[in-house]
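Scroll down for the structure; my scribbles are underneath it.
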Amino acid sequence: MKFKDLLIEKCDGITTLTINRPQVLNALNSEVVGELECALCELDLDSAVRAVVLTGAGEKAFVAGADIKEMSQLSAFEAHDFARRGQHLMLLINRMRKPIIAAVNGYALGGGFELALACDFIYASEKARFGFPEVGLGILPGFGGTQNLTRLIGPNRASELVFSGRIITAEKACAWGILNEICAADELLAKTLVTAREITGKGELGVAYAKDAIASGMDMTKEDGFRYEASLFGVLFSTEDQREGMGAFLEKRAAEFKGK
Ligand code: DAK
């Protein structure tokens, strides 16, 4: 896999994907959205990959939104195509089996904030800043931001952020439940990788089904979510991983999961 604006580093089952357009604060143009789509599809099918960390190149930004220069020139057809690609990318992140963590190292604005919100959870540097500047451009967040943010922090806080276009600090984002942890800038990636490693040490199928239960459950009633969780729970009892995990506990040894 070779991409123009994406760096890919693989180590011990964890792939770090870095969006690499630092000269424009890693803004998302249609090419990089296509590359992300392609890379994530391949990583999700690659059995050697157990978790993905998504970050941005440089010290200033995770992703400062959609590429305004490109966006300003789009025809209606191209804008429609861009929207479809972006929404497909966000759904892909949501549906992929592998856990994906956003390591937000600076500005996460507009489409960049939406990209981070689509991930399973967010770790951020103390320098991170979050916001939706879209209303100042005469548009609204269009890559799922109004939906994902509202589900995460509720309609009142989401409305304040989206309507005002205000940019908030990592502390405020953490206090509002948008991110899980704030790290020193030079420790962000290492700390995110520690958590990724903790996850890859567990049963791969259990993690994949838990991700599915959490992500799918968000769109279900509580009762349907319980029913879905029970079905996935049952399916896991047909796997070698379940026998290995419980056997290892009873034999007082470390489990060796195979993802089968
Ligand atoms: N696009 C293109 N270039 C960008 C950019 C962006 N989003 N953000 C920054 N850059 C470029 C700047 O133009 C500048 O380039 P040069 O002038 O050096 O050539 C370079 O990156 C460095 O930026 P600054 O000089 O502005 O850096 P500062 O530290 O002064 O300011 C900033 C940092 C992040 C506050 C500022 O750059 C900024 O306000 N950036 C724009 C933030 C923004 O408005 N983002 C776009 C949000 S709208 C859709 C779905 C979703 C979307 C669109 C469509 N459909 C459904 C169709 C998403 C929309 C958005 O994301």
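Structure data summary
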quantity: DSSP-defined beta bridges in the chain - what % are antiparallel, rounded to 5; calculated: 30 percent
quantity: Chain lengthening between ALA184 and LYS172 when straightened (0.36 nm per residue, less Cα-Cα); calculated: 2.7 nm
quantity: Total charge dipole magnitude, the chain, about the Cα centre, Cβ charges on Lys, Arg, Asp, Glu only, Debye to nearest 20; calculated: 240 debye
quantity: In degrees, nearest ten, helix 155-164 long axis to first principal axis of the chain (Cα); calculated: 30 degrees
quantity: Average Cα contact separation per residue, the chain, under 8 Å, 6 or more apart, as relative contact order %; calculated: 15 percent
quantity: Sites GLU70 and PHE226, calculated FRET efficiency, Cβ-Cβ separation with R0 51 Å, nearest 0.05; calculated: 0.70
quantity: Where N is the number of residues in segment 106-260, Cα Rg divided by 2.2 N^0.38 Å; calculated: 1.27
quantity: Per-residue Cβ neighbour rank within 10 angstrom, fewest leading, TYR228, TYR107, TYR123, TYR209; calculated: TYR228, TYR209, TYR107, TYR123
quantity: Relative contact order %, segment 1-146, counting alpha carbon pairs below 8 Å whose residues are six or more apart; calculated: 23 percent
quantity: Cβ-Cβ FRET estimate between ALA254 and ILE139, R0 fixed at 41 Å, reported to 0.05; calculated: 0.20
quantity: Approximate shape of segment 78-120 as ellipsoid semi-axes (Cα gyration tensor, √5λ), whole Å, largest first; calculated: 19, 16, 5
quantity: Distant alpha-carbon pairs in segment 44-188 (separation over 25 angstrom), percent; calculated: 26 percent
quantity: Amide H within-cut-off set for ALA128, under 5 Å, with H built and near neighbours excluded; calculated: ALA170
quantity: Rounded Å value of the spacing that divides the Cα centres of segment 18-51 and segment 181-243; calculated: 22 Å
quantity: Paired Rg and Dmax values of segment 15-54, which use every Cα atom, in angstrom; calculated: 11.2, 34
quantity: Measure of compaction for segment 48-90 (Cα Rg per 2.2 N^0.38 Å); calculated: 1.53
quantity: GNM result for the chain, Cα springs below 10 Å: residue of LYS222, LYS127, LYS98 fluctuating most strongly; calculated: LYS222
quantity: Test item: Cα-centred dipole of segment 7-63, Lys/Arg +1 and Asp/Glu -1 on Cβ, debye; calculated: 220 debye
quantity: Karplus-derived HN-Hα couplings along segment 222-227 (A = 6.51, B = -1.76, C = 1.60, θ = phi - 60°), whole Hz, x at Gly and Pro; calculated: 4, 5, 5, x, 4, 5
quantity: Geometric extent, Cα atoms of the chain - Rg, Dmax (angstrom); calculated: 18.8, 64
quantity: Gaussian network model of the chain, springs between alpha carbon atoms under 10 Å - residue of VAL53, VAL63, VAL194 with greatest fluctuation; calculated: VAL194
quantity: Cα shape, segment 136-209, gyration tensor, a/c 1.5 rule; calculated: prolate
quantity: Gyration tensor (alpha-carbon) shape descriptor, segment 109-156, a/c threshold 1.5; calculated: oblate
quantity: Calculated FRET efficiency for the pair THR150/LYS10, C-beta based, R₀ 41 Å, to 0.05; calculated: 0.75
quantity: Calculated P(r) of segment 59-134 - Cα pairs past 20 Å, %; calculated: 36 percent
quantity: For the chain, with +1 on Lys and Arg beta carbons and -1 on Asp and Glu, the positive-most of LEU179, LEU7, ALA48 along the dipole; calculated: LEU179
quantity: Sequence-distant lysines (8 or more away, or on other chains) whose Cα lies within less than 27 Å of LYS202; calculated: LYS10, LYS98, LYS191, LYS211, LYS222, LYS252, LYS258, LYS260
quantity: Rounded to the nearest 20 debye, dipole of segment 1-146 from Cβ charges on Lys, Arg, Asp, Glu; calculated: 160 debye
quantity: Cα-derived Rg over Rh, computed across segment 197-241 with Rh taken as Kirkwood radius; calculated: 1.02
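Readers should treat all values here as calculations from the given coordinates under stated rules, not as data from a laboratory. Everything numeric in this text was worked out from a predicted model, so none of it was measured. As a convention, Cβ positions derive from the backbone with ideal geometry for all residues, glycine included, and neighbour counts pool all protein chains shown.
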